[in-house]
Each structure stands twice: as structure tokens, then as C-alpha cells.
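Notes follow once the structure below has been shown.
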Amino acid sequence: MGEQIDLNAIERRAYLLYHEDGLIDIIIGVCIMISSLYIYAEMIWLVGSIVAVWLPVYMGAKRKLTFPRIGQVTFSRSRSGRTRNVFFFFLAMNVLGVLLGAYAFTAVSGGSIPAWLVILGEYFPIVIGLIGASLFSFIGAITEIKRFHGYAAVALVVMGSNHFLGVPFAAHLGILGVVILTSGIVQLQTFRRKYPVTEEVRDAE
């Protein structure tokens with residue numbers, strides 16, 4: 001009896017290869033760095049627009065750098081749904097953040113500061129570190145991209161340490177973005193060396 005083909009395992013390897021280019025890391029790193037600049041400039045309301053702006057950039061980079069090397073892959077509905085779930089989750093978190101920010105601003109302007117907002121303000125870097133670590137762990141669990149669990153640990157350390165240091169919060173956020181961006185660039189360079197574009201593909205372009 002011949003060896004059975006595990007289609008799920010093949011699709012899983014193809015999915016991990018699809019994200020081996022590091023582009024999602026680069027986009028996330030850039031978005032975090034831009035967020036840190038918005039926060040430093042006290043224009044935090046612009047943070048919510050970042051995902052919508054950079055998603056087309058990500059897909060364009062995929063077509064330019066990834067597809068010529070491994071081809072354009074169509075995954076099953078359940079597998080491709082994972083990526084959509086991550087996107088919609090981040091979009092929902094953006095909307096929730098804007099709503100909470102608007103509520104907090106209204107409360108403070110009215111002279112009534114809720115107890116939870118006082119606690120959040122006191123331990124804000126630690127809370128953000130925990131939220132960031134949870135988000136990266138969530139992405140790692142959904143996509144099975146293991147390096148995101150490493151980003152979770154980095155987010156917890158970099159952001160949580162801001163509570164004990166006298167450095168502006170935006171600086172720590174920027175450092176986190178630089179770390180993830182650098183990792184993504186290294187990942188992309190490794191991917192390009194490992195999967196060079198063939199002459200046939202160059203001629204077709």
C-alpha cells in the first residue's frame with residue numbers, strides 16, 4: 001500500500017513558506033514605529049488608520065518579492081481564514097482603542113476620572129506590554145509562525161520596563177518597532193537568498 005499524502009501537512013508547510021519572507025514582520029514593525037511617532041507628537045487618534053493604509057503596501061510587496069519566488073498560493077478556506085481573522089482582530093482592536101480613548105478623553109474633560117483609568121495610567125506601560133505580548137502570542141497561535149512568540153516576549157520586556165525607567169513611552173514603543181522591523185529585514189534577506197528568482201520568471205516579467 002502506497003504512502004498516504006497528508007494534504008493538511010503540505011498546506012501547512014506551504015503556508016509557513018508563504019510567511020517566511022518576513023514581510024508581515026516588516027509591516028508590523030513599521031506600523032509600531034509610526035505609532036510611536038504619532039504618540040510622541042500627541043496625535044494618537046491617527047494610530048487607528050495605520051492598518052488600513054499599510055495593508056495594500058503589504059499585498060503589493062507580496063506580489064513583487066514573494067510570488068516570483070514561490071508562486072502565488074491559494075489556500076483552503078480554513079487556512080486563509082486565519083489570516084483574515086488576524087486582520088479583522090487588529091481592526092477591531094484599533095476601533096476599540098479609539099472608542100476607549102474617546103471615552104477617556106470625555107471623562108477627563110468632564111472632570112470625572114474613572115478608577116480603572118487611574119489604575120491604567122499608573123501601570124500603563126505594563127498593561128501595554130501585557131496586551132502586546134497577548135496579541136503577538138495570538139498571532140503566533142493562529143498562524144503557527146513561531147517567531148511571533150519571540151516578539152511576545154520582547155514586547156513584554158521592552159514595554160513593561162518603561163514602567164521602571166524614566167524614558168518616554170513613545171521611545172520604548174519605537175524600540176519595539178525597530179526590533180521587529182530588523183528581524184523582518186533579516187528574514188526577508190534570508191528568504192531572497194534561499195529562493196532566488198529564476199531566469200524564466202525574470203523573462204516572463
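The values are calculated or read from the model by the stated rules, or taken from the named source; none is laboratory data. Source: prediction; values computed, not measured. Quick reminder, even Gly has a Cβ in these numbers, built from the backbone with ideal geometry, and neighbours come from all protein chains shown.
For (1) surrounded by 17 or more Cβ atoms within 10 Å (Cβ to Cβ); (2) modelled with pLDDT of 75 or more, each residue gets a yes or a no:
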| position | (1), (2) |
| --- | --- |
| 74 | no, no |
| 94 | no, no |
| 110 | no, no |
| 124 | no, yes |
| 133 | yes, yes |
Hits in region 139-171 (condition: closer than 17 Å to residue 90 by Cβ and of a type in the set (S, T, N, Q)): 143
Single match in 174, 129, 140, 160 (criterion: of a type in the set (Gly, Ala, Ser), in contact with a Pro (Cβ under 7 Å, 6 or more places away or on another chain) and either more than 21 Å from residue 36 (Cβ to Cβ) or buried (at least 18 other Cβ atoms within 10 Å of the Cβ) (or both)): 160
Helices (runs of 4 or more DSSP H) within region 89-205 that include 2 or more residues under 18 Å from the mean Cα position of the chain (by Cα) and either in contact (Cβ under 8 Å) with a residue 40 or more places away in the chain or under 22 Å from residue 20 (Cβ atoms) (or both): 124-143, 147-160, 169-194
